[in-house]
Each structure stands twice: as structure tokens, then as C-alpha cells.
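Have a look at the structure below, then the notes.
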């Protein structure tokens, strides 16, 4: 599933074609760009934050884009390519391998739904299907839905009206209600003084079995990694999941919750409405986050938090009690 590609890879390239400063390894070919934990000897990876120190120490990549401060953490088998701005250089390399992934061009292969190809699928009016998409039996697709090329949808799914799905692999018994947008490009830019550079998003969305997405949810595909929603997880209306976010199994996410990029959410997590989760965080298993909370740091397993910034519930209630007492005393 991780190797299923939605964008054409123009590689391989000699390492000297990508980085001209490397002259002694001209015959070494790089086949793809992957994260630290997924890269192999034929891949280029990147390391730009100590958040990923554990993965950096174990990476199997031959070459790694990194900076002067972080290169010492890489294993001896991995050759560091030291640059000033890791993400900027990564963006340029990704564009070389995947030149069509930085803009979501319309899928020109779309055609009206075909009962001959999918005799056991129920289609509404004006459904459009892209080339080589796969849809399991007993799935129902509502009117005006767009299923783009190579998308995989499992058995017994319900896809609502006005839903758009691209760059996604969807399991069995999944419900996606009206208006959801799945697998579109995320919010990724490299800020520059004269022109912000769009970062290509070459990943995908993977949705597990028995997931339900309520109306108007938006799930961005991954940038280099994938965006994943674990089985039996429920998202309420208008939830936004940014690129590379991984939500575990059996989670309950209330309306208008927002997840910033690359955060990892454990299993059995409950999040109240309008809470916000900052990027690159780790939220443990069995965590409960109160509605309207702002999560700006990691949360360990079996913790209940609330407030902005989110703190353990007992601390939140204590702070609130002190605030009320101070307010009464001022009066």
C-alpha cells in the first residue's frame, strides 16, 4: 500500500545530477525521496528537526539532506548532504523527481460512471471516474461525486454527493458524507522574499476500514509521507486534517477540529469541537482533549487536557478557580 504511487517518478538520477557538489559518487543512482523511517539505500531522505532524532539514528538511506548541527546524529552508513535550508533543497529535489505534484491539475481522464466496469456499484447522477480507479462491490456513490485516477475504494462503502477523492486508498465499510474533499494538495510553501515556492505533495491519503467522515471534511494528502486515518475512527462535520497527519484507531473527533501537518494521534483519542492540534506533535493513546483547546505540545498516554494552551484537566480547573476568586476580589 505504501508503494502505490499516484504521481509519475522521473527518476532515477545520479546523485551528482541532483547535487553538483558531490563528485566522488557520480555512478550512485537515487530512485526516490522518502522519510527517514521508510528510506532505503537507493533513496534520498531528509533530517531537519530533533523531533525525528530516533528515526534519523536508524535510517537506512544512503544520502540525507540535513544541516551542520544535525549531521552528527546520522549513522555512519548515511552520507550527510549539508545545506542551509533543508526544506528548500528538499523542495527543489522533489520537483525534479515529481514535476507534476506541486499543483493539482484537473484530471483529464475523467469520464461518466460506467456500470459495465462496475456492475455491483450503485452510482448517482453525474458521477465522474478517472482512469484506473478501483471500486469495490456494494459501494454506493452519490450524485456529482468525482473519483480521480488510480483511487482505490473498498467494498460496502458509502460516498456522498459532491465528494471529491484523489490520491487516496480507502478501505471497506467506509462512510464519506456529502461535500468531503479527500487527497487534495496540502498547505506547503517555502517562504521566499520575492516568491513563495509551492512544495510538491507526492504522498497519499490512506483511510482504514469502518471509518466515517461527516459532511465537509477535508483530508490533505501527504507531502513526502502519507496522511493516515486508522480503522473505526469517526470525524464529525468540517474537520480538517493536514498533510502527513496520522490519526489512530477508534478515535472520536468532534466538529471543526483542525490538525496541523505531521502530528501523530494515538488510538482511542477523543477530541472536543473546535480544538486545534499544532504540527509535529505526538498525542498518546487514550487521550481526551476538551473542546476549544489549543494543543501546542506533546500529550502522554491516558491524559485529559483542556484550555489554551492545553494543560491537564486538574490544572485547568485549579487555574480557573484562582481566576474566578481574583475576579471576585477585584469587584
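Read-outs throughout are calculated quantities, based only on the coordinates presented, and are distinct from any laboratory measurement. Values in this document were obtained by computation on a predicted structure and should not be read as measured data. Heads up, the Cβs are rebuilt from the backbone with ideal geometry, glycines too, and the neighbour counts pull from every protein chain shown.
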- Task: List the relative contact order of the range 200-317 as a percent without decimals, with contacts defined as Cα pairs under 8 Å and 6+ residues apart.
- Result: 15
- Note on the structure: For 77, 270, ascending order of other Cβ atoms within 10 Å (fewest first) is 77, 270
- Query: Can you tell which of 83, 174, 287 shows the greatest fluctuation in a Gaussian network model of the chain with Cα springs below 10 Å?
  - Reply: 83
- Note on the structure: From fewest to most C-beta neighbours within 10 Å, the residues 298, 48 line up as 298, 48
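Note down the relative contact order for the range 13-97 as a percent, whole number, built from C-alpha pairs under 8 angstrom at least six residues apart.
Working: 154 pairs, mean separation 17.8, N = 85.
The value is 21 percent.
Starting with the fewest neighbours, write out 239, 82 ranked by other beta-carbon atoms found within 10 Å of each beta-carbon. Let's see the in-between values first.
Working: 239 24, 82 14.
Ordered from fewest to most neighbouring Cβ atoms within 10 Å, 239, 82 come out as 82, 239.
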- Pseudo-spin-label distance residue 50 to residue 194, built 7 Å along Cα→Cβ, given in nm, is 3.6
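Restricting to the chain, compute how many DSSP beta bridges are antiparallel as a %, nearest 5. Could the numbers behind the result be given before it?
Numbers: 8 of 69 bridges.
DSSP beta bridges in the chain are roughly 10 percent antiparallel.
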- Item | Among [x] 21.5; [y] 20.2; [z] 20.9, the entry that matches Kirkwood radius over Cα pairs in Å as calculated here | [x]
- Message: Quick check: Cα centre of the range 247-280 to Cα centre of the range 138-198, how many Å?
- Response: 19
- Message: Once you keep just the Cα pairs under 8 angstrom separated by 6 or more residues, what percentage relative contact order results for the chain?
- Response: 8
- Kindly work out what percent of the DSSP beta bridges joining two residues of the range 13-97 are antiparallel, to the nearest 5. 20
- Give me the distance in nm between label points sitting 7 Å out from Cα along the Cα-to-Cβ direction at residue 314 and residue 114, one decimal. 6.3
